[in-house]
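What follows is a set of notes on a single structure, which appears directly below.
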Amino acid sequence: MPAMVEPPFSNPLFSSKISHNLKSLHCSSQAPNFLPIRYNCRTTTACSCSAENVDPAPVLLPHSIVFSQNPNLSSDVSNRTTKDRREVVRLAWEKLVRWSRSWRSKAKTDDVLERTNKVVVLGGGSFGTAMAAHIGNRKSQLEVNMLVRDPQICRSINEKHCNIKYFPEHKLPENVVATTDAKAALLNADFCLHAVPVQFSSSFLEGIADCVDPGLPFISLSKGLELNTLRMMSQIIPRALRNPRQPYIVLSGPSFALELMNNLPTAMVVASKDKKLAKAAQQLLASTNLRISTSSDVTGVEIAGALKNVLAIAAGIVEGMNLGNNSMAALVAQGCSEIRWLATKMGAKSTTITGLSGTGDIMLTCFVNLSRNRTVGVRLGSGENLDDILRSMNQVAEGVSTAGAVIALAQKYSVKMPVLTAVARIIDNELTPQKAVRELVSLPQVIPIFHAVFCLYICYNWGYNPWNLAGSELKIKGESLLVCGLYCSSLLDFWLKKYEYAGFGREYEIIHQRVI
C-alpha cells in the first residue's frame, strides 16, 4: 500500500531539472523529540587531544523543558515551520505554472478558428444566443448566422443587435446576424451548432435536411432524451438528416447562458468518437473565459446532461417543501448514484459521470436558482400545478419531458431509480410531492453490493457458513451474488481484473465467461 503514495515532487508533472533544497521540508516533517543544549563551559583532558579545548557532548532535553526555559525558541520554531511550509507551496505553484506554460508552447495548434469563415446556430433560445455571441467575439471576421423561427427575434437581432426575448440588456457582436431562411443560413457553413430543444429536433431537422451538407460538423447543445423513442441527440441528428455519417460532437457541462453572456469563467466538455473532430471543436470554442476539455465518451456526456435535468426537478421539490439541507444532500447523492448506474449500463464511463459534464453539471443545476428545471421543482414543491408552471415560463425545462423517457430506459436496462422515478410520477400527476417523500424515506436500507459480495466470498472460501446451507447451494448463491456485484460495481471489477485480490480474479474470469 505505501508504494501507491507518491512523495512530494516525485510526480513527473512537477519534475524539473532545477534542483531545490528541500532539507528544510524534511527537518520540519521529522523534528527530533529532543533538542541538544550546549552549556557555556569548556574542559581540558589528559588524553592525546588535550592540546585543544573540546566541547562536552550536548545534553538532550525534551521539547517541553526547552520551550519552558526559553519561550522565544517556541516562537522561532513555529515561524520557521510556517516559512518552510510557505516555501514548499510557492515552489509547487511555480512548477505547476512552468509546466502549464511549457505545455501550451509545445501544443500544436491547427488554427481551426483562422480557417473557419462561417458558423450557423440552429435556434434562437438563450443558450444558442449565448454561444453565438461567444463565437462572434472570438473572431470579428467570422460570419455567425442564427436560424430562428420567430420573426420578432430575427428583427431584434439584425436591427438592435440583441435578443429581445432572452437578453434585451446584452448587445450581440456586429458579426452575429439572424435569418428565418434555412438555405441561406446553412450555405457554406463550416460548423453548425444545434440548440433546438430535443423534443422538437427531429421534425425541425427533417425540414432542413436537404440544405445540410453531408460533411457539416454538428455540435449539439441540446440536453435530453426523445420521449417516444428514447433516443439521444447523437442518434436523433443522423437519423433526421438521413446521413448516418454526419460528423457529430456534443457540448455539455456546467454552464448558464447568462454567465456566458457576461463573459464569466466557464468550463465545458466536447465529446466525439472522432478525436480530431473533438480537437477541432475545442479550438473553435476555447477562449480565455471558456475552458474546453475533450472526451470520446459521447454516451456518458449525453446521458449525464439529460438525467441531471430530472434530478434538478427533485432538488427543487425538496427546496420548495423546505425539507432542509440534509435532505437536499441525501437526495442529490442518491440521484447521482442512479445516474451513474444507468449510464454505465448503457456503456458510459463512470469517470465521465463523476467529472465536469456529470457531477459538475449536476451541482450547478441542482443548487443554483438560475436553473429552469430546479425552478419547476421549487414551484411543484410549493404546491403549484405543473400546467400553470409551464405556461408561465418562456423557456423549455427539458427535465419535464425527459423524466418519462428516463424511467423507460431504466426498465429497459433493469436499473432501479427511486428518486428519478418519483419525479416522473409527480410530473404525471400520479403522486404528490409529500407522498413521494414519505415513500422514498421508507425505502428499505440495504448494505452496498460490494460489501455483500466480498463478505460472501470470504465466507465461501474460508468455510464459514452462517446460513447453514449445503455446499452446492452456498456455491450457487455465492456465484449469483458475485455476478450481480461484478456488473453493479465498477470498483470491484477493477480490483478483480487488475490485482486478482486473494485469488478472486481467477474465479471472476470463470464466472464472467459463463455469463457471457
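The values are calculated or read from the model by the stated rules, or taken from the named source; none is laboratory data. Everything quoted here is computed from the prediction, not taken from an experiment. Here Cβ is always computed from backbone atoms with ideal geometry, including for glycine, and neighbour counts include all displayed protein chains. Heads up: the accessible areas ignore ligands, DNA and RNA and are worked out on the full protein's heavy atoms, side chains in. Shrake-Rupley method; radii C 1.70, N 1.55, O 1.52, S 1.80 Å.
Per 0.36 nm of contour for each residue apart, how much would the distance between Leu443 and Met346 grow if the chain were fully extended, relative to their Cα-Cα spacing?
Full extension of this stretch gives 32.4 nm more.
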Quick check for you: which residues of the stretch 250-274 have the amide N under 16 Å from the point 7 Å beyond the Cα of Asn369 toward its beta carbon?
258-259
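Show me 174-180, 76-82 ranked by packing, highest mean number of other Cβ atoms within 10 Å first.
Values: 174-180: 18.0, 76-82: 12.3.
Final packing ranking: 174-180, 76-82.
Let me make sure I get this right: for the stretch 357-430, a, b and c are the square roots of the gyration tensor eigenvalues over alpha carbons, sorted descending. Under 1.5 in a/c it's rounded, otherwise prolate if a/b > b/c, else oblate. Which is it?
Values: a/c = 1.99, a/b = 1.27, b/c = 1.57.
Note, shape of the stretch 357-430 comes out oblate.
Per residue, what accessible area does the stretch 328-402 have, given a 1.4 Å probe and all protein chains present, in Å²?
Numbers: 3230 Å² over 75 residues.
About 43 Å² of surface per residue is accessible.
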Using alpha-carbon coordinates alone, the radius of gyration and Dmax of the stretch 341-388 in Å work out to 14.3, 39
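Report the gain in length on full extension from Val97 to Arg149: 0.36 nm times residue separation, minus Cα-Cα distance, nm rounded to one decimal.
Working: separation 52, 0.36 × 52 = 18.72 nm, distance 4.72 nm.
Working it through step by step, the gained length comes to 14.0 nm.
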Skipping prolines and chain starts, which residues have an amide H placed within reach, meaning under 5 Å, of the one on Ser293, given they are 5 or more residues away or on another chain?
Met268, Val269, Val270
Residue separation between Lys276 and Arg391 times 0.36 nm, minus their alpha-carbon distance, gives in nm 37.1 nm
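Given axes a ≥ b ≥ c from the Cα gyration tensor, I'd like to know whether the stretch 109-212 is rounded (a/c under 1.5), prolate (a/b larger than b/c) or oblate.
Taking the square roots of the gyration eigenvalues as a ≥ b ≥ c, the stretch 109-212 is oblate.
Thinking of the stretch 283-392 as a set of Cα atoms, what percent of all their pairs are more than 18 Å apart? Write out the running numbers ahead of the final one.
Numbers: 3200 of 5995 pairs.
Pairs farther apart than 18 Å: 53 percent.
Averaged over all directions, how much area does the convex hull of the C-alpha atoms of the stretch 299-341 cover when projected, in nm²? Intermediate results must be reported in sequence, preceding the final value.
Values: hull surface 10.9 nm².
Average of the hull's projected areas for the stretch 299-341 equals 2.7 nm².
Would you mind giving the three semi-axes, in whole Å and largest first, of the ellipsoid equivalent to the stretch 123-274 according to its Cα gyration tensor?
Values: eigenvalues 115, 63, 45 Å².
Semi-axes, largest first: 24, 18, 15 Å.
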Among 358-367, 305-314, how do they line up from the highest to the lowest mean number of other beta-carbon atoms within 10 Å?
305-314, 358-367
The ³J(HN,Hα) series, computed from each phi in the stretch 188-194 with the Karplus coefficients 6.51, -1.76 and 1.60 at θ = phi - 60°, rounded to the nearest Hz and given as x for glycine or proline, is 6, 6, 8, 9, 10, 9, 9
Spacing of the two label points (7 Å from each Cα toward its C-beta) at Val89 and Asn326, in nm
3.4 nm
If Lys and Arg each add +1 and Asp and Glu each add -1, what is the summed charge of the other residues whose beta carbon sits under 12 Å from the beta carbon of Phe200?
-2
